[in-house]
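The structure under discussion appears below in the form of structure tokens.
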Amino acid sequence: AEAPEAAEQDPAAENRLLRRVFDAVPDVFVIYDPDRRIRFINRAAESLTGRPVSDFLGKRDEEAWPPEVCGLYLPALEKALETGELQQVEISPEVPGAEPYVHAVTYVPVRDETGRTLQVLGITHDITGLRRTENALRRERDFLDGLVQNTSLGVAVVEPPNWRYLMVNPTYRTIPGVPGITMKGRTFADLFPDLAAKGAPAMLAKTLESGK
């Protein structure tokens, strides 16, 4: 009956549990000592590099990674050790023969009660898919913006409830009655007080509600 409690207090058992927890995480976890040597690294490093964990232990990053990779994040790691403050960096190495990737790297210093840095936890998260999606959305937005800016139709985007102008294209500015001043950020009532007084904002609200 006492065996489970004893196992819970067994440092070796606790270490094995922590190893299983870290190995289950897809991010790369690294623990550095004050000399910047790797004292722990989880098995996500094996999936990333195809190299065993033992290939990294006891080494500094420049001894384990090519300079075109570690040179991008080492300043952040060194600053975390020097200042005892959290550091974050995004890297996108150009490795010959390898697919392009983007990693978000975070360094979390572990300090004692005096503030001295004992270790630094490094966490590397793959954000390649996120950045590809963002780039694709940006290209689509730029394409659509180009269509709007170059169309022969007047286009304006307004935001309720005050019908503030967010965007107008060049053709919209040529419409008779449209003021030749900066429109972005101004409301419909500011720019067209007469139309506003005649109930134009209510018509805009009805259009928004009905979609017609």
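The values are calculated or read from the model by the stated rules, or taken from the named source; none is laboratory data. Just so it is clear, the model here is predicted, and its values are computed rather than measured. Cβ: placed from backbone, ideal geometry, glycine included. Neighbour counts: every protein chain shown. Please note that ligands, DNA and RNA were not included when accessible areas were found on the heavy atoms of the full protein model with its side chains. Shrake-Rupley method; radii C 1.70, N 1.55, O 1.52, S 1.80 Å.
If you check 84, 115, 129 for being exposed (fewer than 11 other Cβ atoms within 10 Å of the Cβ), more than 19 Å from the chain's Cα centre (by Cα) and among the small types (Gly, Ala, Ser), only one passes: 115.
Of the residues 106, 124, the single one that is touching a Gly at 6+ places or on another chain (Cβ under 9 Å) and either open to solvent by less than 60 Å² (accessible area, probe 1.4 Å) or assigned to a helix (DSSP H, G or I) (or both) is 106.
Taken together, the residues in the stretch 154-173 that are modelled with pLDDT of 90 or more and farther than 23 Å from residue 209 by Cα amount to 4.
Contact map, the stretch 35-60: first residue free of Cβ contacts under 8 Å to residues at least 12 places away in the same chain and at positive phi, second residue assigned to a helix (DSSP H, G or I) and of a type in the set (A, V, I, L, M), Cβ cut-off under 6 Å, separation 6 or more or different chains; the map is empty.
Every listed requirement among (1) open to solvent by 40 Å² or more (accessible area, probe 1.4 Å); (2) closer than 30 Å to residue 135 by Cα; (3) of a type in the set (A, V, I, L, M, F, W, C) is met by residue 30 save one, (1).
Is there a residue in the stretch 14-36 that is modelled with pLDDT of 95 or more, charged (D, E, K, R), closer than 28 Å to residue 116 by Cβ and more than 27 Å from the chain's Cα centre (by Cα)? Yes, because at least one residue in the stretch 14-36 is modelled with pLDDT of 95 or more, charged (D, E, K, R), closer than 28 Å to residue 116 by Cβ and more than 27 Å from the chain's Cα centre (by Cα).
Scanning the stretch 56-68 for residues that are outside any loop (DSSP other than H, G, I, E, B) and either surrounded by fewer than 14 Cβ atoms within 10 Å (Cβ to Cβ) or at pLDDT below 90 (or both) yields a total of 4.
With respect to the conditions (1) over 30 Å from residue 26 (Cα atoms); (2) outside any helix (DSSP H, G or I); (3) open to solvent by less than 70 Å² (accessible area, probe 1.4 Å); (4) touching a helix residue (DSSP H, G or I) at 6+ places or on another chain (Cβ under 8 Å), residue 185 falls short on a single one, namely (4).
The set of residues in the stretch 188-212 being part of a helix (DSSP H, G or I), open to solvent by less than 80 Å² (accessible area, probe 1.4 Å) and within 19 Å of residue 166 (Cβ to Cβ) consists of 188, 189, 191, 196, 200, 201, 204, 205, 207.
In the set (1) at pLDDT 90 or above; (2) within 36 Å of the chain's Cα centre (by Cα); (3) surrounded by 13 or more Cβ atoms within 10 Å (Cβ to Cβ), the condition left unmet by residue 101 is number (1). If residue 48 satisfies all but one of (1) out of contact with any Pro (no Cβ under 8 Å at 6 or more places or on another chain); (2) open to solvent by less than 40 Å² (accessible area, probe 1.4 Å), what's the number of the condition it fails? So residue 48 meets the others, but not (2). Residue 55 fulfils the conditions (1) more than 24 Å from residue 131 (Cβ to Cβ); (2) under 26 Å from the mean Cα position of the chain (by Cα) except for a single criterion, (2).
Which of the following residues is among the hydrophobic types (A, V, I, L, M, F, W, C), under 19 Å from residue 204 (Cα atoms) and open to solvent by 90 Å² or more (accessible area, probe 1.4 Å): 153, 147? Quick ask: steps written out before the conclusion?
Numbers: 147 fails: under 19 Å from residue 204 (Cα atoms).
Answer to the check: 153.
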